[in-house]
Amino acid sequence: MEQTVGVENKENFQPKVAEATSDVPVQQLINPSAKNSEEPLLASNPSRFVIFPIKYHDIWTFYKNAVASFWTADEIDLSHDYGDWQQLTNNERFFISRVLSFFAASDGIVNENLGLHRDFACLLYKYIVNKPSQEKVYEIIKEAVLLEQEYLTEALPVSLIGMNSKLMSEYIEYVADHLLTELSYPKLYNAKNPFDFMENLSIEAKTNFFERRVSEYQKAGVLSVEKEKTFDLDAAF
């Protein structure tokens, strides 16, 4: 009887979740009391037709850095990959295969500067008037950390030299605390960075674009000033 009813109502069936959330903005799902009219980034300005003069100079700076953070596959040396792969152990090959499976599926994301995206998102978050509660932010961070740790446990079931699932889990918590700090929230895990080499790769090198200009993956001529583009014959050779 239940199967017959299910077949008859199949065409008229609508998911309850979709009905409840299809017309609800994402901002209100996170913070039900939020109003678009109160948010400066969402407020419309009918009298503004051009981008200049720049209203948010810090956001414009991130935009210029995003334009400069562009690179192509021709800039990557892949000639030694096969030889390096043959020198790896079985455990190292297993781990890299799992990690590369994610990179291959998310090639469009990995090709960009994830640190820049994170910093830009944190900057936009500071402009939000109706921010979600600290409990809601912690709930989102905890869920993301658990998913990352579960993935690493499956991807790294064996211990490698200087790297294992325990250290990776600790590093994930450290990154989560770093993100909370950038969002102006107290740390949740108080974890330490188990990988010192990451300080020069993904965190410290991309935390502040206002103190220095970005040179990693920079597109030629994007961030250069007009004086730097001039050509003259005064230089001594």
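Observations on the structure shown:
- Peptide packing for 39-50, 146-157 was compared via the average number of neighbouring C-beta atoms within 10 Å per residue; ordered from the highest value, the list is 146-157, 39-50.
- Here the label points at residue 42 and residue 100, each 7 Å from Cα along the C-beta direction, are separated by 4.4 nm in the simple model.
- Peptide packing for 53-61, 185-193 was compared via the average number of neighbouring C-beta atoms within 10 Å per residue; ordered from the highest value, the list is 185-193, 53-61.
- Over the range 131-195: Rg over Rh, Cα atoms, Kirkwood Rh: 1.03
- Ranked by how many other beta carbons lie within 10 Å on average, peptides 118-126, 90-98 from highest: 118-126, 90-98
- Our estimate of slack between residue 187 and residue 151, defined as 0.36 nm per intervening residue step minus the Cα-Cα distance, is 10.7 nm.
- Of 55/126; 136/192; 64/131; 136/187, those spanning more than 20 Å from alpha-carbon to alpha-carbon: 136/192; 64/131
Since every read-out is calculated from the coordinates, none of them should be taken as a lab result. The shown structure was predicted, so the numbers you read here are calculated from the model rather than taken from an experiment. Glycine also receives a Cβ, built like all others from the backbone with ideal geometry; neighbour counts cover every protein chain displayed.
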